[in-house]
Amino acid sequence: MPTTLSNRSFASRSATNLDEKQLIAKQVVAEIPDGCTLFLGIGTTIATIAEKLANHQQLRVVTNNFQVAHILSQHDHIETWIPGGRLRTNDGDV
């Protein structure tokens, strides 16, 4: 794949390497204990990890990834924090 100076959009990157993202997310989530605090950064693999956190209890998540915040907003038992800053619209993050 040729290198570029700009990132592809979040939506475009979300559609690539789906099986790999699922495998990574499954392995990462298995290591996260209930009741912890985590920071989930930018990226489509991170969004896949967020999707798999639904069964965890008493999590506190800080994220600058709007897609992650949206995913986690569906779960009342996960406290989600978003830091302030400038929105990067192409990437969906702060």
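Contact list please: Cβ distance under 9 Å, first residue in segment 7-21 and under 10 Å from THR45 (Cβ atoms), second residue small (Gly, Ala, Ser) and at pLDDT 75 or above, pairs at least six apart or on different chains. As it stands, the answer is ARG13/GLY43; SER14/ALA47; LYS21/ALA47, since those pairs meet every condition given. Could you check, for segment 4-11, whether at least one of its residues is modelled with pLDDT of 95 or more, more than 13 Å from the chain's Cα centre (by Cα) and charged (D, E, K, R)? No: segment 4-11 contains no residue that is modelled with pLDDT of 95 or more, more than 13 Å from the chain's Cα centre (by Cα) and charged (D, E, K, R). Put simply, of VAL62, VAL29 the only residue that is touching a His at 6+ places or on another chain (Cβ under 8 Å) and not basic (Lys, Arg) is VAL29. Looking only at residues in segment 18-49 that are over 8 Å from the mean Cα position of the chain (by Cα) and in a strand (DSSP E or B), the one that is nearest to ARG60 (Cα to Cα) is THR37. Inclusion of THR80 among residues that are free of Cβ contacts under 8 Å to residues at least 24 places away in the same chain and β-branched (Val, Ile, Thr) is warranted.
When segment 83-94 is examined, which residues are found to be in contact with a strand residue (DSSP E or B) (Cβ under 8 Å, 6 or more places away or on another chain), surrounded by fewer than 21 Cβ atoms within 10 Å (Cβ to Cβ) and in contact (Cβ under 8 Å) with a residue 24 or more places away in the chain?
VAL94 - this is the single residue of segment 83-94 that is in contact with a strand residue (DSSP E or B) (Cβ under 8 Å, 6 or more places away or on another chain), surrounded by fewer than 21 Cβ atoms within 10 Å (Cβ to Cβ) and in contact (Cβ under 8 Å) with a residue 24 or more places away in the chain.
The number of residues in segment 52-75 that are part of a helix (DSSP H, G or I) and either surrounded by fewer than 17 Cβ atoms within 10 Å (Cβ to Cβ) or hydrophobic (A, V, I, L, M, F, W, C) (or both) comes to 6.
The values are calculated or read from the model by the stated rules, or taken from the named source; none is laboratory data. No experiment lies behind these values; they were computed from the predicted model shown. Here Cβ is always computed from backbone atoms with ideal geometry, including for glycine, and neighbour counts include all displayed protein chains.
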